[in-house]
Amino acid sequence: MRTLRSRLTWMFLTLIGLSMLGTGLFVGLLLQATYLDSLTGRLNKEGTLLAQTLDWGKQDSFDVQAEAFGRTLSARVIILDRDGTVLGDSVRDKAGTRNLRHLPEVRQALKGTTPSNQFAQKRDNRLNTAIPVIRDGQILGAVWIQLDVTDVNRSIRQIWISMAGGLAVAYLLAALASSRFARDVTRPIEEITRVAEDIAHNKLYRSVAVYGEDEIGRLGESINRMARSLRSQMSAIRKSERRLTSVIETMESVLFLVDPSGSVSLANPAFERLFGVPVSDIQGKSIQHLPGPYELIQLITRCQETGERQRKELHFFYPEERIVEASLSPMGVEKDGRGVVAVLHDITAIRRLEKMRSEFVANVSHELKTPITSIVGFTETLLDGAMQDPNTCREFLEIILEEGNRLQRLVGDILDLSKIESKQIHLELETVPIGELIQSATKTMEDQFRAKQLTLEVQLPDPLFTVTVDRDRFRQILLNLLSNAMAYTPSGGKVTVRAERETESWRLQVADTGIGIPKEDLPRIFERFYRVDKARSRASGGTGLGLAIVKHLVEVHKGTIHVESQVGEGTTFTLTFPL
């Protein structure tokens, strides 16, 4: 492809060459015509003078006169009569030129026409003219003059050669000048082109050097302004893209886009967490390959077809059971269809909390109903006359007191659990020897263990170490675990409290040889009011909130709790705290 510089150079050279060629031809032809016209005019004047001085009376001396005039004019002179017959010839060649009446200039002269430049005829490098000889108003004959113009033509050729050489030199100089001019004109355009190509390849930091205020200079300045504007816009776009990418990647909800062709064009990392399928495996594939329930594909198809928002709760069973709220919105209609933006919110925890809340209300109502019913029933019995019997009255009052205490413990545990879960509890941390901390709790439970014929064993490390805890809250943890172990361990069983120190943490274990916990119940034993053996738990006076309180208090101390159990063999609770 020819460049602009080469095209401009060739255009200038062509125009200059044509103009110089035309000018040279015009000037050369003009010089040649002018020279010939001047020579013809001179020849006509000299011929007229010759015709006037010709001695027509001495016809026998015409050859002599013609020869004399020929030498003077350096031309061939022929004297003709009225019929065009040669009377005298300067070269004395009458045989070759006996009659010249056929020549046009001779015919014009014999008619008496005054000679002019247009009557001169040029034939075979010779210039010919004829002048009438008039005496007393009568045409006696004519004088025909022939001038050899070979030398003149040679001179004109020299002029042509000189002019051609001058034009060639001028053309070369013009070519150099035009090449330089084309370079000066195209250099900023080439630079603008390179900068524009760089801008097209996202190299936006190139700029055009502006050399003037002409059109090209203004074009360069416009390119620079465009580059600055593009840099600003690209920076804003990249910033927005980074923000959007950060938002999409950090979203807990699943976000994916479906293009008009029905293929997944974009998905965030939460997609993999929900579906258990890498994003790379689904991106670019049809929605038919989505691992979710078929209802999700139906929702996407309906959203594409109707252009309306879709919202529905879906149940996922793989890789685990979850409840998901699907919100689908149509994207702008394109020439090849309509896309869909799908957002999936995992509301499993919300639904579980709602279920736990309803179960909590039901459990609280049930737990409160039993002691209140007992208190009301025994009180009505007493008012109906049973209080007249001292023994019956005392027995009923003891039952009412027991149910009231149970009710008080239940309300107290609910209030404690509410404070712990709402993060309103404030820990009074202090450094306490581990032996003192465990001994104060086990000593409180010794009588109850003896009454139930259970063995309570405490295993302390040697040497002892100190821990930083809230003494009262930690005592509450240990008492709840001991009460739970005592309630589910038959008479003759054993409960062991063991403390161990590790490199960066310490452990507390409460192990019993009780009835154990079934494997399917282990994940739920820390739920509020959840009982493995409901009848036995209620009979033991438990509220069903002890382990829930223990779990939350352990977490407040930045610890973890783990349980291991075998049915019929016993249960071990392991608490781990940082040192």
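Within the range 497-531, list the GluC sites (Glu not before Pro) lying in a DSSP loop whose Cβ has at most 11 other Cβ atoms in a 10 Å radius. Sites meeting the loop and neighbour criteria: E502, E504. Dimensions of the range 172-223 based on its C-alpha atoms, expressed as ranges along the principal axes with the largest first, amount to 44, 22, 11 Å.
Remark: spin-label model distance V247-L230 equals 2.8 nm, labels positioned 7 Å along the Cα→Cβ axis. Computed on the range 251-346, with alpha-carbon pairs under 8 angstrom and 6+ residues apart, the relative contact order is 31 percent. Using only the C-alpha atoms, the convex hull of the chain corresponds to 366 Å³ per residue.
When both bridge partners sit in the range 372-527, DSSP labels roughly 70% of those beta bridges antiparallel.
The order of H315, H552, H345, going from fewest to most other C-beta atoms within 10 Å of their C-beta, is H315, H345, H552. Measuring nothing but how far apart in sequence close Cα pairs (under 8 Å, 6+ apart) lie, relative to its length, the chain scores a relative contact order of 7 percent. Computed over the range 251-346, the P(r) tail beyond 24 angstrom holds 12 percent of alpha carbon pairs. Here the peptides 128-136, 185-193, 428-436 are ranked by packing, the mean other Cβ count within 10 Å, and the order with the highest first is 128-136, 185-193, 428-436. Residue pairs exceeding 24 angstrom between C-alpha atoms, taken from K203/K239; K494/K519; K312/K551; K355/K558; K369/K443; K45/K111: K312/K551; K355/K558; K369/K443. Exposed loop sites are taken as chymotrypsin sites (Phe, Trp or Tyr not before Pro) in a DSSP loop (any state but H, G, I, E or B) with at most 10 other beta carbon atoms within 10 Å; the longest stretch of the chain without one runs 318-579. Hull volume per residue, based on the alpha-carbon atoms of the range 429-578 and their convex hull, is 107 Å³.
Here the Karplus curve 6.51 cos²θ - 1.76 cosθ + 1.60, taken at θ = phi - 60°, turns the phi angles of the range 174-191 into couplings of 5, 4, 4, 5, 5, 4, 5, 5, 4, 5, 5, 6, 8, 4, x, 5, 5, 5 Hz, with x standing for Gly and Pro. A cut-off of 5 Å between modelled amide H atoms, ignoring neighbours fewer than 5 places along the same chain, links L456 with V495.
For the range 243-314, which trypsin sites (Lys or Arg not before Pro) pass both filters: DSSP loop (anything but H, G, I, E, B) and at most 14 other C-beta atoms within 10 Å? The qualifying sites are K285, R309. Between T560 and D83, the simple label model (points 7 Å from Cα in the Cβ direction) yields a spacing of 15.2 nm. Largest first, the three principal axis extents of the alpha carbons in the range 463-508 are 37, 22, 15 Å in whole numbers.
Where a number appears in this text, it was derived from the coordinates with a stated rule and is not lab data. No experiment lies behind these values; they were computed from the predicted model shown. Ideal geometry is used to build each Cβ from the backbone, glycine not excepted, and the neighbour counts take in all protein chains shown.
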